[in-house]
Amino acid sequence: MPPSVLIPSIVIGFVLVALSTWWAGWARAATVDASGARERFAIDHPEASVREVGVSADGRAALLWLDDGCGLVFAVGDKLATRKLRRPRVTTDAAGLWIESPDFATPRVHLAVDPTVWMERLGA
Amino acid sequence: MPDLPDIVQLAIPVYLAAMLAEIAIGRLRGTATYELRDTLTSLLMAVLFLAVSLGLAFFGIGVLRAIQQRWGLVDWGWSVPAFALCFVLDDLRKYWLHRVQHRCRWFWAAHVTHHSSQHYNFSTALRNPPTLLLTQIFVFRIPLALLGFPWEMIAFVAGLNSVYQFFTHTELVGRLPAPIELVLTTPSHHRVHHATNPRYLDANYAPVFIVWDRLFGTFVEESPEDPVRYGLVKNLGTFDPVRVTVHEWVAMIRDVLQPALTPAQRLGYLFGPPGWSHDGSRETTEMLRERFRNAARRG
């Protein structure tokens with residue numbers, strides 16, 4: 001197949017796949033509540049003992065207080081991922097907290113919460 | 001020499017039709033089989049992989065041709081049995097390459113991209129790592145050239161193998177009849193391979209003939225009691241294609257450059273199994289399975 005046919009075919013095909021996915025409504029972020037966050041965290045960290053869970057106002061992330069530190073459950077597209085937080089850098093803006101970690105695969109996660117109250121809860 | 005078609009190129013319209021059909025069926029069933037950013041990431045990876053592969057293929061072809069012409073043991077000709085033997089041996093080669101990709105971090109650093117989606121659909125099959133050729137995996141084809149198979153035949157059967165693998169990346173197909181499940185790699189087998197559930201880790205490597213896994217002790221059956229969760233043990237928190245592509249390379253380089261390591265420890269971070277660490281602070285597959293077993297015992 002000559003490149004003049006192959007390349008446009010691939011481009012058009014990929015655009016059609018992306019548009020179909022969007023049209024199907026599969027572009028929404030996952031949301032989570034406190035019990036959902038506990039359950040999801042337990043899948044990846046069954047040994048963790050969760051004392052308390054705080055959920056972001058938009059439901060897209062939750063912070064977990066563990067016996068040995070903090071954990072995070074957050075939306076990645078329509079799925080969730082988890083992290084045990086080690087040396088996180090926490091910054092604030094008007095919309096909430098940014099949790100930044102040295103993990104290259106998870107640069108930063110936003111929590112839509114009252115930054116003053118939550119900074120206090122984090123002891124930061 | 002027969003005029004061999006480029007099977008992968010010919011399959012591209014079929015790939016596109018299969019993805020559109022999978023989306024339509026998912027929509028009809030009311031199950032979200034795709035996610036927009038995840039799909040875009042996979043498709044972008046496919047384009048980058050294609051571009052890099054085309055750019056570097058000439059080098060690999062040159063090496064294989066030179067080896068086959070100088071040292072090739074047998075002149076196989078172009079008969080159907082020669083193609084069939086080459087296909088089977090290529091699949092065996094891919095089984096071992098794939099196993100190495102999961103058990104040696106240098107190779108895993110590239111292959112991890114293919115496993116990084118939490119979805120499992122035909123677009124996942126196209127999520128190939130643009131950095132794959134950095135790991136020089138074409139050297140795994142050298143034994144076939146040494147056996148005397150011409151590079152055109154090797155490329156042809158490898159193309160057939162890739163096309164077959166594409167169709168194992170779906171949740172739409174359940175278990176197939178037992179004789180097929182016994183011999184061939186099916187969607188069920190490959191779902192297990194993409195799973196993060198501890199009992200499914202590092203299993204079912206075979207691209208076409210699942211008999212290799214049965215033979216070499218890496219076969220695990222899909223169980224309805226333990227529904228498959230896809231992705232990585234530590235799932236990515238981003239769709240950024242650059243981070244998806246290079247995150248493990250970055251982590252590996254950071255590990256290797258830690259101060260106060262012995263040369264053996266630095267090599268361990270490069271070529272040891274994923275999760276290996278010099279101080280035992282991280283988990284390999286075996287350690288992870290042990291942790292989950294212990295947690296299950298504690299209930």
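Just so it is clear, none of the values below were taken in a lab; they were calculated from the coordinates. All of these numbers come straight from a predicted model, not from anything done at the bench. Note that we place each Cβ from the backbone using ideal geometry, even for glycine, and neighbour counts take in every protein chain shown.
Counting 0.36 nm for each residue step from B:Ala17 to B:Arg70 and taking away their Cα separation leaves a gain of 14.8 nm. Over all other residues within a Cβ to Cβ distance under 14 Å of B:His189, the charged ones net out to -4, with Lys and Arg as +1 and Asp and Glu as -1. Seen from a random direction on average, the alpha-carbon convex hull of the protein assembly as shown projects onto 23.4 square nanometres.
Model label points for B:Met287 and A:Leu6, set 7 angstrom from Cα along the Cα-to-Cβ axis, are 4.4 nm apart. The distance separating the Cα centre of the range B:169-194 from that of the range B:1-36 comes to 17 Å.
By the gyration tensor of its Cα atoms, with a ≥ b ≥ c the square roots of the eigenvalues, what is the shape of the range B:1-146: rounded for a/c under 1.5, prolate for a/b over b/c, or oblate? Verdict is prolate for the range B:1-146. Helix screen, chain A: DSSP H segments with Cα axial length of 27 Å or more and mean Kyte-Doolittle hydropathy at least -0.5 are A:3-23. Structure remark: mean-square fluctuation, Gaussian network model of chain B, C-alpha springs under 10 Å; the largest value among B:Val74, B:Val163, B:Val256 belongs to B:Val74. Once the mean of 1/r is taken over each pair of separate Cα atoms and inverted, chain A shows a Kirkwood hydrodynamic radius of 16.4 Å. Site pair B:Val80 and A:Leu19 shows an inter-label distance of 4.3 nm when each label is modelled 7 Å from Cα along Cα→Cβ. Both numbers refer to the Cα atoms of the range B:131-235; Rg and Dmax are 15.5, 47 Å. Using the Karplus relation 6.51 cos²θ - 1.76 cosθ + 1.60 with θ = phi - 60°, the per-residue 3J(HN,Hα) values for the range B:103-120 come to 10, 10, 4, 4, 7, 4, 4, 8, 5, 3, 4, 5, 9, 7, 7, 8, 9, 9 Hz, with x marking Gly and Pro.
Taking amide H as placed 1.01 Å from N in the peptide plane, the amide H of A:Thr92 sits under 5 Å from that of A:Trp98, each at least 5 places away or on another chain.
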